[in-house]
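Report on the structure given below.
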Amino acid sequence: MDQKPSFIKNLSLPIVAAPMFLISGPQLVIECCKNGVVGTFPALNQRTSEGFEEWIIEIKTALAAFEKESGKKAAPFGVNLIVHPTNPRLEADVKLCVKHKVPLIITSLGAVSQVVDAIHSYGGIVFHDIIKKRHAEKAAEAGVDGLILVSAGAGGHAGTINPMTLVAEIKKFFHKTILLSGCISTGRDVASALQMGADLAYMGTRFINTTESKATDEYRKMIIDAGASDVVYTASISGVHANFLGASLKAAGITEDDLKKDVKIDFGKELDTEAKAWKTIWSAGQGVAMIDDVEPVAELVSKLKAEFKSAIEEQIKVLEVYPK
């Protein structure tokens, strides 16, 4: 039997705005939730656990005020936790999520049953991102409630598997919530994700170009100017393969020869941490090809709704022709 969280049916669109390193903050999360899509942010976008707690309180307070004033139910918000030995804040940040009963936790770089159990203790939900079947099987064993399938062309640390195949392969053994990530920029893309068998679309790059994101104007413009072929898949920045805007790599002085080596570059003292590198070398997915503006979240969600509705209506008309 399929096991899906109840909040899905209350969303205005089946979308989770992905937690983007250095880009997602309280303002973006709050506006997403107010407009009926799930807003999320990485815990490590705040430098300290104290600052992280302040952001949680800010989001909870704003959404409570919105619900009281509007009489509407906001979408739940979520936090991304890096579940890896290299994250010294994990234990403290998990305790804060439990303390404040964060509705949704997105885990990356490790699915650990103890973390899942801690979130389940208050009724929270855990989604875990994966790029291949083996990772999905381990996450399923850890008891996660959903899997985020990061397919070819997605921004950030992306996989290389076609989304159709990845969804079909995972659904053979995982019967909880499926989220699909990779080149989802329009309402039609969201409809396509559902047709492939996903329950939710996981949309990152498109939300960079909103007025509420923490991206710089230069970053947003580079996305507008880019096409799919301008996105470079490389391990040169963090040691793990990810998609970046080629123009930002060039601006940082990274050459074709550097990229051909496909190993992490020694940036020296000027860029001695991954965080510094990602601040000047910008990530994006191949979905940049469909992004040509910057707009408030409210306007973006409204446009996505119209595109989604149109796509579904067109598919219904196909039934008048096929199957014969």
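Tell me which of these residue 59 doesn't satisfy, since it passes every other one: (1) within 24 Å of residue 180 (Cβ to Cβ); (2) in contact with a strand residue (DSSP E or B) (Cβ under 7 Å, 6 or more places away or on another chain); (3) assigned by TED's automatic domain parsing to the domain that holds residue 106.
Of everything listed in (1) within 24 Å of residue 180 (Cβ to Cβ); (2) in contact with a strand residue (DSSP E or B) (Cβ under 7 Å, 6 or more places away or on another chain); (3) assigned by TED's automatic domain parsing to the domain that holds residue 106, residue 59 misses just condition (1).
Give 80, 87, 35 a once-over and let me know the one that is at negative phi, of a type in the set (S, T, N, Q), buried (at least 20 other Cβ atoms within 10 Å of the Cβ) and over 16 Å from the mean Cα position of the chain (by Cα).
35
Within the stretch 250-257, is there a residue that is modelled with pLDDT of 85 or more, closer than 19 Å to residue 189 by Cβ and among the hydroxyl-bearing types (Ser, Thr, Tyr)?
no
List pairs: first in the stretch 108-128 and of a type in the set (Phe, Trp, Tyr), second in a loop (DSSP other than H, G, I, E, B), Cβ under 6 Å, 6+ apart or cross-chain?
These pairs meet every condition: 122/101.
Report, by residue number, each residue of the stretch 190-206 that is of a type outside the set (A, V, I, L, M), touching a residue at least 40 places away in the same chain (Cβ under 8 Å) and either in a loop (DSSP other than H, G, I, E, B) or buried (at least 24 other Cβ atoms within 10 Å of the Cβ) (or both).
199, 202, 204, 205, 206
Counting only residues that are at positive phi and not in a loop (DSSP other than H, G, I, E, B), how many does the stretch 1-32 have?
0
Do any residues in the stretch 27-46 that are assigned by TED's automatic domain parsing to the domain that holds residue 156 have Cβ atoms under 6 Å from those of residues that are outside any strand (DSSP E or B) and of a type in the set (Phe, Trp, Tyr), where the two are at least six apart or on different chains, and which pairs are they?
34/66; 42/21; 43/52; 46/52; 46/55
Have a look at 275, 242 and point out the one that is within 23 Å of residue 221 (Cβ to Cβ), modelled with pLDDT under 80 and not assigned by TED's automatic domain parsing to the domain that holds residue 152.
275
Kindly establish whether residue 116 is surrounded by fewer than 24 Cβ atoms within 10 Å (Cβ to Cβ) and closer than 26 Å to residue 86 by Cα.
yes
Tell me, which residue of the stretch 47-82 that is among the charged types (D, E, K, R) and free of Cβ contacts under 8 Å to residues at least 40 places away in the same chain is farthest from residue 97 (Cα to Cα)?
Among residues in the stretch 47-82 that are among the charged types (D, E, K, R) and free of Cβ contacts under 8 Å to residues at least 40 places away in the same chain, the one farthest from residue 97 (Cα to Cα) is 69.
Limited to the stretch 57-77, what total is found for residues that are in a helix (DSSP H, G or I) and surrounded by fewer than 22 Cβ atoms within 10 Å (Cβ to Cβ)?
13
State whether one or more residues within the stretch 181-189 are of a type in the set (Lys, Arg), assigned to a loop (DSSP other than H, G, I, E, B) and modelled with pLDDT of 95 or more.
No, the stretch 181-189 has no match at all.
Only one of 148, 119, 125 is closer than 20 Å to residue 192 by Cα and not charged (D, E, K, R). Can you tell me which?
Answer to the check: 148.
Can you tell me which residue is surrounded by the most Cβ atoms within 10 Å (Cβ to Cβ) among those in the stretch 13-32 that are among the hydrophobic types (A, V, I, L, M, F, W, C) and out of contact with any helix residue (DSSP H, G or I) (no Cβ under 7 Å at 6 or more places or on another chain)?
Among residues in the stretch 13-32 that are among the hydrophobic types (A, V, I, L, M, F, W, C) and out of contact with any helix residue (DSSP H, G or I) (no Cβ under 7 Å at 6 or more places or on another chain), the one surrounded by the most Cβ atoms within 10 Å (Cβ to Cβ) is 18.
Has the stretch 144-159 got any residue that is surrounded by fewer than 15 Cβ atoms within 10 Å (Cβ to Cβ) and either over 17 Å from residue 40 (Cβ atoms) or among the aromatic types (Phe, Trp, Tyr) (or both)?
no
The values are calculated or read from the model by the stated rules, or taken from the named source; none is laboratory data. Because the structure is predicted, anything quoted here is derived from the model rather than measured. Methodologically, a virtual Cβ is constructed for each residue, glycine included, from the backbone with ideal geometry; neighbour enumeration extends over all protein chains shown.
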